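Just below is one structure, and these are the notes that go with it.
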Amino acid sequence: MALILTDIDDTVLTWYREFAKWLFTAKGIKAPTSEETWALGERLGISEDHADQLVNEFNASGEFFDLKPCRKSEVYLPMLAVDHKVIGITSGSSNLMDIETTKALRAANIERYLPNVFSDLIVLPLHGDKKPYLEQYYPSYWVEDSLSNAVKGLEAGHVVYLMDVPHNKTQNSDLRKVRDWSDIYDDIQNYQN
């Protein structure tokens, strides 16, 4: 069975929009809606260390464990899971809780909206390196919204789909840019037929 390896945050589940809501409600900080840069500190006008502190707080909150599907993942991932084993690889843990607890809560969040789709979920610490995990799998499909992690998938021999988001628009890349999971579904179907 073919594999689909995928990032989770802002690829399968909506992270930034929910983080921005939490940031305003919990901290009184209004986050810009623009995603022109990947660096969260730069986006918020604060240091990267301060941004990491806020992300760690959010990623240990109840809101983090009820993220909604994004990019039509709830429609197309179940269809792809019929013929593919789907594995999530995410570096969205928090230093405020252990990885196994985070993994269990994240898996429950995913299962709530995408039941019986994922066969495994790998949860890494915040900013954890995905490359060693990508290298563990035979060449597969890799879906990501971070250019640097997408390149790591390419280096590991995967067919890489990069979500076409504002912080990737200015990047020159050979990667397959997609709007959402419908583009991925169509491309995989065309490749298999």
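The values are calculated or read from the model by the stated rules, or taken from the named source; none is laboratory data. A quick note: this is a predicted structure, and the numbers were derived from the prediction, not measured. Note: ideal-geometry Cβ built from the backbone for every residue, glycine included; neighbour counts use all protein chains shown. Quick note on the areas: whole protein, heavy atoms, side chains included, nothing else; ligands and nucleic acids left out. Shrake-Rupley method; radii C 1.70, N 1.55, O 1.52, S 1.80 Å.
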Heavy-atom accessible surface of the chain: percent carbon and sulfur, 1.4 Å: 51
For ALA2, what residues show an amide H to amide H distance below 5 Å, using hydrogens built from the backbone and excluding near sequence neighbours? LYS85
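Measuring with a 1.4 Å probe in the full set of protein chains, what accessible area per residue, in whole Å², belongs to the chain? Mind dumping the intermediate values first?
Values: 9220 Å² over 193 residues.
Accessible area per residue, the chain: 48 Å².
How charged is the neighbourhood of PRO32? Take every other residue with its Cβ under 14 Å from the Cβ of PRO32, and add Lys/Arg as +1 and Asp/Glu as -1. Don't skip to the answer; put the middle values down first.
On the way: positive: ARG17, LYS21, LYS30, ARG43; negative: GLU35, GLU36, GLU42.
Taking every Cβ under 14 Å from that of PRO32, the sum is +1.
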Over the Cα atoms of segment 72-139, what radius of gyration and what Dmax do you get, in Å? 12.8, 37
Note down the nm distance, to one decimal, between modelled labels 7 Å out along Cα→Cβ at ALA104 and at GLU155. 3.5
So which of LYS103/LYS130; LYS27/LYS169; LYS152/LYS177; LYS130/LYS169; LYS103/LYS152 end up more than 20 Å apart by C-alpha? LYS27/LYS169; LYS130/LYS169; LYS103/LYS152
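Work through the residues other than SER93 whose Cβ is under 15 Å from its Cβ and net out their charges, Lys, Arg +1 and Asp, Glu -1. Write out the running numbers ahead of the final one.
On the way: positive: LYS103, ARG106, LYS130; negative: ASP7, ASP9, ASP52, GLU57, ASP98, GLU100, ASP129.
Net charge in that neighbourhood comes out at -4.
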Which angle between 0 and 90 degrees, to the nearest 10, do you get for helix 16-27 versus the longest principal axis of the chain when only C-alpha atoms count? 20
For the ASN190, LYS27 Cβ pair and Förster radius 41 Å, calculated FRET efficiency rounded to 0.05 is 0.35
Could you work out [θ]222 nm for the chain from helices alone, using -39500 (n - 2.57) per DSSP H run of at least four and dividing by all its residues? Round to the nearest 500 deg cm²/dmol. -12000 deg cm²/dmol
Mean-position separation - Cα centroids, segment 73-88 and segment 119-155, in angstrom: 17
Could you compute the net charge surrounding HIS84? Neighbours are other residues with a C-beta less than 15 Å from the C-beta of HIS84; K and R count +1, D and E count -1. -3
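Name the shape class, rounded, prolate or oblate, that the alpha-carbon gyration tensor gives for segment 20-107, where a ≥ b ≥ c are the square roots of its eigenvalues, rounded holds for a/c under 1.5, and otherwise prolate holds if a/b is larger than b/c and oblate otherwise.
Numbers: a/c = 2.18, a/b = 1.57, b/c = 1.39.
Note, shape of segment 20-107 comes out prolate.
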